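Working notes for the structure below.
The values are calculated or read from the model by the stated rules, or taken from the named source; none is laboratory data. These numbers were taken from a predicted model, which means no experiment stands behind them. All Cβ positions, even for glycine, are placed from backbone atoms using ideal geometry, and neighbour counts span all protein chains on display. SASA here: full protein model, heavy atoms, side chains in, ligands and nucleic acids out. Shrake-Rupley method; radii C 1.70, N 1.55, O 1.52, S 1.80 Å.
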Amino acid sequence: MGKVAIVTDSTADLPPGLAAARSVTVVPLTLNFEGRSLLDGVDITPSEFYRKLPQALTHPTTSQPSPGAFAEKYAALLQDHDAIVSIHISEKLSGTVASARQAADMTDPKRVHVVDSELVSMSLGLVTLVASTLAAEGKDAPTIEAKVVSLAPNVHTFFSVATLEFLRRGGRIGRASALLGSVLQVKPVLCIRDGLVTPLERVRTFERALNRVIGLTREVDRGEGVCLIVGHADAEADAERVGRELEPIADTLMIQPLGPVVGAHAGPGVVGVGCYPAELFRLGIKPARTASARG
């Protein structure tokens with residue numbers, strides 16, 4: 001075991017196998033769906049959720065982990081680690097950071113470092129992978145925390161949604177509320193800025209929106225490539241196309257489904273990219289993709 005444990009929450013949307021391989025502890029949020037409280041990614045998988053969502057009679061809601069859930073994980077990890085760096089979804093989108101901070105105070109605030117990434121999903125996953133790489137190299141908690149805090153403002157999140165309705169219902173629409181009520185059938189290109197959902201552009205078709213997501217990601221490249229994760233909510237073919245287009249500039253490239261909690265707020269059909277200039281920290285993760293996935 002390394003001397004520093006890395007913790008994140010399920011909105012990082014890291015595949016369970018990757019999180020385990022990288023020694024990342026994932027604390028799940030809760031999805032309230034069809035009268036049941038389900039742990040995100042534990043009691044319900046992305047594929048189950050997106051299959052059931054069209055038939056749901058009520059809109060799913062979500063809730064952050066309790067301070068007790070975090071404290072239990074922290075106490076166990078502190079038995080065989082010197083410290084913990086716990087990296088979470090933007091405080092402006094969720095109460096998760098507040099729960100983690102309470103838990104740190106309940107366990108050992110000097111040894112538990114809680115970081116508000118001001119990010120979510122693919123982008124949160126990227127900074128968590130950076131932290132786990134540094135932990136595996138034996139870096140101490142202040143060094144890891146400082147790297148995450150300095151990297152996070154350079155991590156970009158670009159995405160488009162099939163409909164703004166899920167962001168609106170879930171109360172996470174942020175600055176994109178300005179797009180509501182438009183008589184034009186436009187597709188928004190959105191980003192996460194200052195920890196909030198923020199509109200960038202409006203285009204006439206989802207195809208054009210995906211092209212803008214690809215173009216914006218290319219603009220992040222400073223000449224040495226990008227580290228990126230493509231996330232999607234039941235839109236694998238679109239995500240694969242985005243991945244194919246960006247593969248030539250990718251130092252790191254993963255394509256993965258958005259978990260139920262993120263999917264409940266973004267809605268089915270969303271495709272997005274989390275990315276940063278590769279020279280800031282080379283991850284070098286490019287899982288082998290099947291021939292069918294390459295198209």
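A few notes on this one:
- Using R0 = 25 Å, the C-beta based FRET efficiency linking L280 and D82 works out to 0.45.
- Two-site label geometry, S47 and R222: point separation in nm, points 7 Å out along Cα→Cβ: 4.0 nm
- Every helix of 4 or more DSSP H residues in the chain counts as -39500 (n - 2.57), and over all residues that averages to -10500 deg cm²/dmol at 222 nm.
- Alpha-carbon Rg/Rh ratio, for segment 207-263, with Rh computed the Kirkwood way: 0.97
- Accessible area of the chain belonging to carbon and sulfur atoms, whole % at 1.4 Å probe: 51 percent
- Stretching E201 away from D140 to a fully extended chain increases their span by 17.9 nm, per 0.36 nm per residue minus the current alpha-carbon distance.
- Once the 1.4 Å probe is applied to the protein heavy atoms, the chain comes out at 42 Å² accessible per residue.
- Heavy-atom accessible area order for F206, F70, largest first, 1.4 Å probe: F206, F70
- Across the chain, the volume of the C-alpha convex hull divided among the residues equals 120 Å³ per residue.
- GNM result for the chain, Cα springs below 10 Å: residue of A209, A75, A141 fluctuating most strongly: A75
- Helix screen, the chain: DSSP H segments with Cα axial length of 20 Å or more and mean Kyte-Doolittle hydropathy at least -1.0 are 122-136, 206-220.
- Straight-line cross-link reach from K187 at under 21 Å between alpha-carbon atoms covers no lysines, not counting any fewer than eight positions away in the same chain.
- Debye log10 I(q)/I(0) for segment 1-44, one point scatterer per Cα, at q = 0.15, 0.20, 0.26, 0.33 Å⁻¹: -0.41, -0.64, -0.90, -1.17
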